[in-house]
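Novice: Here it is, the structure in full.
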Amino acid sequence: MLKLLISLVLVAFSLNAYAQPAQSAIPAKADSVAAPPKAVKSPRLKTEGSIGGVKIFIDYSSPSVRGRTIWGGLVGYDAVWVTGGHNATSVEFSKDVTIGDKTVKAGIYALFTIPNKTEWTVILNKNFDQHLADDYDVKLDIVRVKVVPKILDVVQESLVFDVKETNKKDGVISMRWEKLEITLAVTTL
């Protein structure tokens, strides 16, 4: 009798499982469809180039203008800026280079700037792994160079970095966003 009861229970469970359609066979209701993921407003990008045989890699977040006032608005004047969004922009040199009058050893550095209406300060800092300028420490700066921003004829919607060789030993790292461009001269050893 016990065997018969167990057999009937097993048959009932089997029929119930057979009668239920598979989860993937049930059409989704229109209101339960997952929304597509939101676009990242400041996507993480990478660029690279070579100057005099030195490979230069730049890893940065690329915010967009989106109708905002950038200089003196979103990015304040006379304050250390991460030169992108979110995590610090990092620059990696495969070999030693010269920036300004300083030798920069091969390695990875944070690139910060201090924007101003007429002149910017470009900074390479040893602490490349940080959020915004939250952990910025001036004592870890290895290079500070003054540059003059150039006004662009057209709006650069999303922040972009480039590495350009100008001759066999020299080149520039440039950053363009909104209607400004700054360039940092790099010389190979």
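Novice: Among the listed residues D170, D153, identify the single one that is more than 26 Å from P43 (Cβ to Cβ) and more than 22 Å from the chain's Cα centre (by Cα).
Specialist: D170
Novice: Pick from the stretch 38-66 the residues that are touching an Asp or Glu at 6+ places or on another chain (Cβ under 6 Å) and not aromatic (F, W, Y): which of them is surrounded by the most Cβ atoms within 10 Å (Cβ to Cβ)?
Specialist: Among those that are touching an Asp or Glu at 6+ places or on another chain (Cβ under 6 Å) and not aromatic (F, W, Y), it is I51.
Conditions (1) of a type in the set (S, T, N, Q); (2) at pLDDT below 50; (3) touching a Leu at 6+ places or on another chain (Cβ under 7 Å), marked per residue:
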| position | (1), (2), (3) |
| --- | --- |
| Y18 | no, yes, no |
| K38 | no, no, no |
| K46 | no, no, no |
| I51 | no, no, no |
| S62 | yes, no, yes |
| R66 | no, no, no |
| W71 | no, no, yes |
| V82 | no, no, yes |
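Novice: Continuing with the same structure: Quick check on this structure: which one of K168, K164 is assigned to a strand (DSSP E or B), of a type in the set (D, E, K, R) and over 23 Å from L74 (Cβ atoms)?
Specialist: Exactly one residue qualifies, and that residue is K164.
Novice: Right, another one. Can you name the residue in the stretch 165-180 that is among the acidic types (D, E) and buried (at least 17 other Cβ atoms within 10 Å of the Cβ) and is also farthest from Y109 (Cα to Cα) among such residues?
Specialist: Ranking the qualifying residues of the stretch 165-180, first place goes to E178.
Novice: Select from the stretch 137-164 the residues that are of a type in the set (K, R) and out of contact with any Asp or Glu (no Cβ under 7 Å at 6 or more places or on another chain) and write down the one among them that is surrounded by the fewest Cβ atoms within 10 Å (Cβ to Cβ).
Specialist: Here the residue is K139.
Novice: Given the conditions (1) in a strand (DSSP E or B); (2) without any contact (Cβ under 8 Å) to a residue 40 or more places away in the chain; (3) touching a strand residue (DSSP E or B) at 6+ places or on another chain (Cβ under 7 Å), and given that S158 satisfies all but one, which numbered condition is not satisfied?
Specialist: Condition (2) is where S158 drops out.
Novice: When you go through (1) of a type outside the set (A, V, I, L, M); (2) without any contact (Cβ under 8 Å) to a residue 40 or more places away in the chain; (3) within 20 Å of K55 (Cβ to Cβ) one by one for N125, which number turns out not to apply?
Specialist: (3)
Novice: Specify which of the listed residues (A34, A12) is loosely packed, with under 10 Cβ neighbours inside 10 Å and either of a type in the set (F, W, Y) or modelled with pLDDT under 95 (or both).
Specialist: The match here is A34.
Novice: Now a separate question. I'd like the full set of residues that are over 14 Å from A106 (Cα atoms) and charged (D, E, K, R), limited to the stretch 43-66.
Specialist: Selection gives R44, K46, E48, D59, R66.
The values are calculated or read from the model by the stated rules, or taken from the named source; none is laboratory data. Remember, it's a predicted structure, so these values are computed and weren't measured experimentally. Backbone-built Cβ (ideal geometry, glycine too); neighbour counts: all protein chains shown.
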